[in-house]
Amino acid sequence: VLLILLVNNGCCDWGSSIHVGHEISLAVPLEYSDGFIGRAFLMDDGNGQVEPNFRVALSAEANKGGYSCSLEVFLGDVKGAEDQVGWRTGTSGQGVERLRILKTGNLVLVDVFDQIKWQSFNFPTDVMLWGQRLDLATRLTSYPRNSTSFYTFEIQHSKLALHLNSGKLKYSYWEFKPPNNTNISFLELGSKGLVLFNDEHRKMAQIPSWWRSIQPPSVRFLALGNETGNLGLYSYSPKKQSFEASFQVLNSKCDFPLACKPYGICTFSNACSCIRLATKEKHMVSNCSEGTSSSAQFCNGTQVEMLELNGVNTVLRDASTRVIVSKTACANLCLDDCKCVAALYSSGNGAKIFRECSIFRLVAGIKQVETGTGTSYMIKVPKGARYGHKETSVEKWVLIVVGVVDGLVIILVVGGLAYHLIQKRRNNL
């Protein structure tokens, strides 16, 4: 079996192009072979003057009893997501003559006048390459494995934001607003970071500023992490022959929206603890959902109540917000909405007194915080979940679990240090 790509003149330099009419073939086993991967590289930068190099390959991979064929672009030792994505350029009848790969990694189709008719930069996935520009209302999208949720990095007029998407629900978990409320027109990735431009095409901000570094690393691409949802800038290390994150917008595991399962709490020690409820029979049951939490269970007539969790908050933002005068009124707002599964009450008495209530239809991104922050996080539970001895209530159980987990970490560290000192003293004797 042969897979044929109609190309021409596969020269290997930056200025090379592949013309219509030439053939490149890739042999595929006659019988299905699970795990088979075959590639025929047809373009390469080849000059060795720029690291990392770009390569284009025709690829065939075993997939569910058959073989899938795709065209892939490789950046150094980095490959895209394992799931192969096919696409149609839609350039029929536009006089396309050549396929080219530019020094930025942009894959383009051009006509006889060298005018670009299609380019990969216009169809970003989860990666933005050096030299690439993203305009207003465009976004990067990344899909975690074994999850119905996905992440997006979106460019809005007033801010940049990372979002957790679940069905029709969308909540941000990181935002960047330019100084002086300046409007954003587009972004461009340069060697020193992500540069923001205003409506007059003037640079107005950069992520990061690199003010602490005399010689910042040369950024090669920006990526939205599939598993964490973190946004990072990556630089190539010729010494290690691999890419390293030179900057990430989120520095703590507990700032990731899916660091723990829904109804799980990310503690100060970066461990996950499930919320457990005391039933009428005084048994402790886990309420750490395996999948994305849903409000459907509360819209079937089930009697419910709000349960406050002490010392926790959520990284999710952009929830429906009301100005409320009391915590009780905030709880009642969630109780009256069967699709509400949690509420966050925020209050402050500083220069500006405020009382706000945020209503959530998704329980995720819960993390432990210092007490006295002026916030109160409440979840909706079936009525009667509080029943049982007071020492086994949710509030006390959360505090106990957090204390036990952090305590175990401290004990392990101290114990390891003591063991090391004892061994060192024995060796000296």
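Things to note:
- R355 accessible area, assembled protein chains, probe 1.4 Å, Å²: 70 Å²
- Rounded accessible area of L316 (nearest 10 Å², 1.4 Å probe): 10 Å²
- Of the chymotrypsin sites (Phe, Trp or Tyr not before Pro) found in the stretch 157-213, the ones in coil according to DSSP and having at most 13 other Cβ atoms within 10 Å of their Cβ are W211.
- Note on the stretch 124-250: with neighbouring protein chains present and a 1.4 Å probe, carbon and sulfur make up 47 percent of its accessible heavy-atom surface.
- The stretch 150-212 and the stretch 344-376 have Cα centres lying 25 Å from one another.
- 24 Å Cα-Cα threshold exceeded, pairs from K103/K239; K170/K367; K117/K168; K117/K192: K117/K168; K117/K192
- Per residue, the solvent-accessible area of the stretch 124-250 (1.4 Å probe, heavy atoms of protein chains only, all protein chains present) comes to 52 Å².
- Model label points for F186 and D135, set 7 angstrom from Cα along the Cα-to-Cβ axis, are 0.7 nm apart.
- Virtual paramagnetic centre 7 Å along Cα→Cβ of T148, amide N under 14 Å, in the stretch 165-199: 165-170
- A 1.4 Å probe, protein heavy atoms only, puts the accessible area of E244 near 70 Å².
- Among G193, Q156, T125 the positive-end extreme of the charge dipole of the stretch 124-250 (Cβ point charges): G193
- Rounded to the nearest 20 debye, dipole of the stretch 124-250 from Cβ charges on Lys, Arg, Asp, Glu: 220 debye
The values are calculated or read from the model by the stated rules, or taken from the named source; none is laboratory data. Bear in mind the structure is a predicted one, so any value in this text is a computation, not a measurement. Reconstructed Cβ throughout: ideal geometry from the backbone, glycine too, with neighbour counts over all protein chains shown. What goes into the accessible areas is simple: the full protein's heavy atoms, side chains included, and nothing from ligands, DNA or RNA. Shrake-Rupley method; radii C 1.70, N 1.55, O 1.52, S 1.80 Å.
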